[in-house]
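Undergrad: Just dropping this structure here.
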Amino acid sequence: MKKFYLIITCILFSGTFFTQIFSDNFDSYTVGQGLVSQNPTDWDTWTPSTPNEDVLISNANSASPSNALYFSSDLPNGGPEDIILRYASVYTSGTFTLDMNILVESGKGAYFNMQETWVVAQVWAIDCFMLDNGTLELSSGGVTYLTSNYPTGTWFNLRMEIDLTANNWELFIDNSSKGSFSNTTNSIGILDFYPTNSAANGGNDISGFYVDDVSYDHTPDSNLCLDPTRLDFSNITNNSADISWISTET
């Protein structure tokens, strides 16, 4: 009976693996007001309590009715809008999926990054540059991992599926894989949106893009659930149990 309970517990635990952890379509917010000012629980500005870094809710264009975020800048270094989403945990194993819809205005660029921990400006895990010429580049620490194209002037879906256990990062545009790579920084804790299209990165210094339907989920490493075939139940009696793990190491 104890073996039965153990297996059921494992199954119930694994059943939570595929629950979507976070999603925001921005439709519940007031248009023309800041995202962080309306939802400081999930979102934050790069510099805490800095209103000019907040991004306004827009209904001018959206992937799903009726609101989205709109970022724009014509400053060489971008900004001042700069918002972050701290993930529910700092993930270092298992499979993490980030999903969003993006529209980059024609002749402009877009940018977001993910960082290693919950502390901003500590370590960048990945930079995603979307240039005005339709080129998308994933890089980190000056190393370019993947270069692809994205559709300009129209909505598209961007998804990143990251197997942190195997260190395999894969990019999907409209459900089509654009390639995968290993990353020297294999940990993620923050998502950051910032309007920039710097000439130093091949852009024209003009950024303008919409973001909608942001979500992420995480599937823990399956090794966290013990394999019941490797458990020794030989010492179970009616009143007590001494269950041990059968090691396969030599």
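Read the figures in this text as sums done on the coordinates, not as results from a lab. This one's a predicted model, so the numbers in the text were calculated from it and none came from an experiment. Don't worry about glycine lacking a Cβ; one is built from the backbone with ideal geometry, like all the others, and counts go over all protein chains shown.
Undergrad: If contacts are Cα pairs under 8 angstrom and at least 6 residues apart, what is the relative contact order of the stretch 41-110 in percent?
TA: Details: 62 pairs, mean separation 21.6, N = 70.
With pairs under 8 Å counted, the relative contact order is 31 percent.
Undergrad: Reported to two decimal places, what Rg/Rh ratio describes the stretch 56-166 when computed on Cα atoms with Rh from the Kirkwood expression?
TA: Value, to two decimals: 0.95.
Undergrad: Relative to the Cα centre, what is the charge dipole magnitude of the stretch 40-189, using +1 at the beta carbon of each Lys and Arg, -1 at the beta carbon of each Asp and Glu, and rounding to the nearest 20 debye?
TA: I would put it at about 200 debye.
Undergrad: While we're on this one: Could you sort 33-44, 186-197, 204-215, 61-72 so that the peptide with the highest average Cβ count within 10 Å comes first and the rest follow in order?
TA: So the peptides 33-44, 186-197, 204-215, 61-72, ranked by packing, come out 186-197, 204-215, 61-72, 33-44.
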